[in-house]
1. Once you treat every alpha carbon in the range B:128-299 as an equal point and sum by Debye, what is log10 I(q)/I(0) at q = 0.09, 0.12, 0.14, 0.18 Å⁻¹?
2. Chain A: D in µm²/s via Stokes-Einstein (Kirkwood Rh, Cα pairs, 20 °C, 1.002 mPa s)?
3. Relative contact order of the range A:63-164, please, whole-number percent, based on alpha carbon pairs below 8 angstrom and at least 6 residues apart.
4. Most exposed first by the Cβ proxy, i.e. fewest other Cβ within 10 Å, how do B:Cys266, B:Cys289 rank?
5. Scale the Cα Rg of the range A:79-137 by the rule-of-thumb value 2.2 N^0.38 Å and send over the ratio, two decimals.
Amino acid sequence: MNRWRRLAANALGAWWATERYFPESSFERIAARIAESETGHRGNIVFAIEARIGLKSVARGCTPRQRAEEVFAQLEVWNTAENAGILVYALLAERAIEIVADRGIARVVPDPQWSRICLDTAAAFARGEFLAGALTAVDALSGLLRQALPALPDIPRENDLIDRPVLL
Amino acid sequence: MQRNARRVGLAALLVVGALLGSQGSWPDAWPRALRRETLWASMLLGPIALIALLFPQWPKPVKLAVSLSVTVSLLHLANAPSIMVFLATPLLALLAMRREWSKMYHGGRRPKSTVRSDGETRASASQGEVAAAPSRTTASRWQTIRRVIVHSLLAPLLSGRWYTRTLQQAIDQRIAESGRGHLGRIFVALETRWPVVDIRRGLSPLQHARNRFSEMGAWNTERNNGVLIQIQMAERAVTVVADRGIAERVEPRQWQVIADELSARCARGEFQAGLLEAIDRVAALLRACFPATLASADLSGRDDIPVQP
């Protein structure tokens, strides 16, 4: 997408979208799924949804990826004991999904796996299955985390980050 | 209650202004333009304030419609140029709908939880962060106003006196020098003033420093051993924020000592000497915990830049 199309998409797209596609009930279900999955591994999953990003930053050339990294810093997803925070960022106006993983988990999991999860989620969102897509993404990520960083039985884990999806 | 008092005041002021303006008993010495402006302002804002005051229980669209029609008829009565009417209507609608507009913009709901909006700091148990300033979580309205004034008026005047190119060069150089001995990273942020949003949120200097720590990417270190030293000029605060990798090996008292020392020296005006010494002390801590003997291969990508946002 070139810059003008991105500007148009961010100005005109996804009005009332978060309300329609992610009602309160699906927020709770995603939160419950994340909380449940985090009992099985030592990572942390944060789900962030944004309707659109500011036109000023689009004009400056901020891509969804950069915005996702900004959100990663802002929500303090980096602040985990084993550097195993994962941010799933959905930008509804541009229909973009970004997954930002902290170094502790990113160096264990190869790149194609991340992009596969990303593409699957994007495909599900494009079909209009928002809740199902989000839950599948959480499941896939927790599968990865379970392999890479399984929960240790004797150490009680600290849940550093919020489970509830964040609406930006 | 307070809101109502404000509305009463506004409405009374505007009614008086409108009366004065229309009766022609406006002091002659005052400029004519001012009189015209007051007239228009009272016609535009008066009905909204009055109706909000008199009928607060009406639903919002009704209040909006009534006050709009009153305004438009007032403007017609005053023989306002029709351009004014055309301009006023959407302007007023926007004003009145401001809150609804922002709700729509955020996708139907106000954002529920963002980290920066509230004062609580989560997961700070394993993170060393100290401030040499009284911590403040909630601020009253007057405190907020005072802080806005200090930040926006006084601090920019002062900034030129302490933030100089030589200071920045000295800091750059010292960080680069001390960086050879350890694997940590030191960040220095010299900040004259905060953005107004942060003041309105009533953040404490420590919370602000924490946000800065996030924004600067000081967390993005291999061993979680970034340390941020920040001087917040307008708040007269010095903060030291250390990531968990270094914070768990150093006792919190030592950070406090560094912050207190630096803040005392800044109070005496010795910014450069104080900062350089603080950098040295942090570097000594890092050298003790992360000596650069074992792996020096991954030292690339070291870019410690003091920033002045």
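Values in this text are rule-based calculations from the coordinates and carry no lab data. Small disclaimer: the values here were computed from a predicted structure and weren't measured. Cβ coordinates were reconstructed from backbone atoms using ideal geometry, including for glycine residues, and neighbour counts include every protein chain displayed.
1. -0.31, -0.54, -0.73, -1.15
2. In µm²/s, the coefficient is 132.
3. The normalised contact order for the range A:63-164 reaches 21 percent.
4. Ordered by Cβ neighbours within 10 Å, fewest first: B:Cys289, B:Cys266.
5. Relative to the 2.2 N^0.38 Å estimate, the range A:79-137 comes out at 1.18.
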